[in-house]
Amino acid sequence: MSTATVTGPRTRRPVRQDPAERRRALYHLASPVSVLTTGPESRMHGTTASTVTLVSREPLLVGVVLRAGSSFARRAAAEGRFAINVLGGDQAEVARRFADSGRPDGSAQFAGLAWTADPYAQAPLIAGALAHYTCRFHSAHAAGDSELLLGHVVRARADEGLPLLSYAGRLHAGTLHPAKEAAAS
């Protein structure tokens, strides 16, 4: 494995591109939609995230991008643990519920929703989710107008089903088709 070293200041030239065009292009990054949760029941909170990714296999770390100053990141840090619920294709309404800034606080956010408390994190594990990751808080980092929350995965479980995806600024559910493989020559 090689590493690159920067050896001195670089001259930065301004990039001339319409910011709206860059934003449109970035909407073409498809990603699974998840609901992050903290507990215990007396302090429950949830939020929707569309950027959750594997950061490290050893130790097993996941990263979540949230808006800067996220109350979720503060709560996860205070509790020291949180859960990630990777939503299934039929859970768009759950994603919208936890993305709505006008939703109620605390356990009222989860009213009418089937869930169980994770034994370690005491955070809600939403029924029907494709996967659940129970995480110990690792760290949070400011990154531009966002915040990167890192969690050490202590428990994971996956079920079968199709994912709910965020793509081109909308939620998508449907059948996944494997890409065609190149013909052997």
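Over all directions, average the projected area of the Cα convex hull of the chain and note it in nm².
15.5
With each label point set 7 Å from Cα along the Cα-Cβ vector, what nm distance links residue 143 and residue 29?
0.8
Would you work out what percent of the accessible area of the stretch 95-185, with all protein chains in place, is carbon or sulfur (probe 1.4 Å)?
In the stretch 95-185, the share of accessible area belonging to carbon and sulfur is 53 percent.
What whole-number value in Å² describes the accessible area per residue of the stretch 100-167 for a 1.4 Å probe?
For the stretch 100-167, the solvent-accessible area averages 52 Å² per residue.
Per residue, how much accessible area does the stretch 38-78 show when a 1.4 Å probe rolls over the protein heavy atoms, in square angstrom?
52
Could you go through the stretch 48-56 in sequence order and give the Karplus-derived ³J(HN,Hα) for each residue, using 6.51 cos²θ - 1.76 cosθ + 1.60 with θ = phi - 60°, rounded to whole Hz, and x for Gly and Pro?
For the stretch 48-56, the Karplus-derived couplings read 8, 9, 10, 10, 10, 8, 6, 9, 8 Hz, x marking Gly and Pro.
The values are calculated or read from the model by the stated rules, or taken from the named source; none is laboratory data. What you see is a predicted model; the values in this text were computed from it and never measured. Using ideal geometry, Cβ is built from the backbone for each residue, glycine included, and neighbour counts are taken over all protein chains shown. Each accessible area value is taken on the protein alone, full model and side chains, heavy atoms only, with ligands, DNA and RNA left out. Shrake-Rupley method; radii C 1.70, N 1.55, O 1.52, S 1.80 Å.
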